[in-house]
Amino acid sequence: MDRAGSTPEGGILRCKYPLLNGPGFRLNGHQVAWQKWRFHVRPDQRVGMIISAVTYGEGDQARPILYQGHLSEIFVPYMDPSFAWYARNFLDAGEFSFGGLSKPLIPKQDCPEHAIYFDALVAGDRGRPHTVPKTICVFERVTGDMVWRHWDEDGGSKSRAKRDLVVRTAVVIGNYDYVFDWIFQQDGAIRVAVGATGIAETKMVTPKTASMNTGPAGGTHGSNGQETPTTTEDADAYGHFVDRQIVAVNHDHYFNFRLDLDVDGIANSLLIDRLKTQILPEGHPRRSVWVREPMLARQEADAQLNISLDRPALWRVISDSQTNHVGYPTSYQLMPGKNTNTLLSPDDYPRRRAGFIDHHLWVTPYRVNERYAAGDYPTLSKPEQGLPAWSSENRSIENTDIVLWHTIGMHHLVRAEDWPVTPMLWHSFELRPFDFFDRNPALDLPK
Ligand SMILES: [Cu+2]
């Protein structure tokens, strides 16, 4: 496989939209070939889009990386205790799948002019099949960045311009729009990004007065959930004025992704590289350095992990059969981006129904029926469905086909600039090669 995207199988583009030969990549049905990447993309009624069979070509070998990856669940709890609002806690993917999660992309606005689109066939509210056009777009983009560079005094300076291949779908759930990107990169990494936009949920309140400028510390609603008129004090305690009589209610967004990695095959394990301070002996000119302390996760409880700046760690899916040229296991790292912890108490019902938010990472052994982090049927569900139930058995996850479940979270204190429509706010994580290649895989990029 070469950088120009020619495929050994000689795939021919078949697509009902014009621009059959999207610049830089090839399609064969739902198979995408771009540079050294090969993968399959398809629409899905419940989770929007599924990426499968991701490989990266090295020599004449297509090395497996990801068997399947997709959104698994969305959780949006609101933070207003009033009677009309306390129950607004949505498990958006599982609860609102009728008609399909993804809605049509707008050509030249949502995706560039040269993008190629896929339609989705979904069941409508009455169970009849219908086509939602253009729910996925695929395009190559010139990023304006470099993959790598080195500047040399003697004139040996080099740099390589970066291109990405983007696979995008846009999900609409009532007031909110989410954009999901799978970004294939020339350095062997895959960035998965979610952008939040759309219209914040609001309520009408009595007008904000000049004396309210700093906002009070608390509200008047007790734990009995009794409805009382919304005062400006309450409004300011549980939301933020975006107009004189309009308050956008505080809330969170959580997105769980199911990532069934197959790093050089299905015999995989999770290795946690903890970085720890090492105190150096008396008399040494330095007092301390940090060192790597590896730990293999043998059972599910070992791999229920949270991001911590105080206790940094690398999370890697290692191959139990392949090593790189210096003898380390080949691996892919799950590298989180900006994220958050839940502030809900552990006994709060919405949190228990979305138990997957208790950890940023869960790892399970592959089971065909385990696909949705809050369970198959989250509407009016009982607590602890999905990941907490499956992982309560504390199964072995060593040297087997493992699945990573990663949650991105955000607290949303809505600001004036988020009204009347929120500018896109991106969060992301990266699946990044770590000892998977013997060298920087983007060394061979043309000038
Ligand atoms: Cu929001």
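Tabulated data for the structure shown
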item	result
Set 149, 168, 160: member being more than 16 Å from the ligand (Cβ to nearest atom) and open to solvent by 50 Å² or more (accessible area, probe 1.4 Å)	149
Members of the range 398-412 that are over 20 Å from residue 339 (Cβ atoms), of a type outside the set (Ser, Thr, Tyr) and either within 16 Å of the ligand (Cβ to nearest atom) or part of a strand (DSSP E or B) (or both)	402
Candidates 395, 415 - the one that is within 16 Å of the ligand (Cβ to nearest atom) and either of a type in the set (A, V, I, L, M, F, W, C) or surrounded by fewer than 18 Cβ atoms within 10 Å (Cβ to Cβ) (or both)	415
Only one of 237, 303, 248, 267 that is out of contact with any strand residue (DSSP E or B) (no Cβ under 9 Å at 6 or more places or on another chain) and small (Gly, Ala, Ser)	237
Test: residue in the range 322-332 that is among the β-branched types (Val, Ile, Thr) and farther than 22 Å from residue 268 by Cα	no
Scan of the range 321-336 for residues that are in contact with a strand residue (DSSP E or B) (Cβ under 7 Å, 6 or more places away or on another chain) and open to solvent by 30 Å² or more (accessible area, probe 1.4 Å), ordered by number	322, 323, 329, 335, 336
Those residues of the range 60-85 which are away from the ligand (no atom under 16 Å from the Cβ), assigned to a strand (DSSP E or B) and not polar (S, T, N, Q), in sequence order	62, 63, 64, 65, 66, 67, 69, 70, 71, 73
Cβ-Cβ under 9 Å pairs, at least 6 apart or on other chains, the range 413-441 side free of Cβ contacts under 8 Å to residues at least 40 places away in the same chain, far side surrounded by fewer than 20 Cβ atoms within 10 Å (Cβ to Cβ) and part of a loop (DSSP other than H, G, I, E, B)	439/325
Condition met for residue 10 (outside any strand (DSSP E or B), open to solvent by less than 20 Å² (accessible area, probe 1.4 Å) and modelled with pLDDT under 95)	no
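The values are calculated or read from the model by the stated rules, or taken from the named source; none is laboratory data. If you're wondering where the values come from, they're calculated on a predicted model, not measured in any experiment. Positions of Cβ are generated from backbone atoms using ideal geometry, with glycine treated the same way; all protein chains shown enter the neighbour counts. Remember, those area values only see protein heavy atoms, side chains included, never the ligands or the DNA or RNA. Shrake-Rupley method; radii C 1.70, N 1.55, O 1.52, S 1.80 Å.
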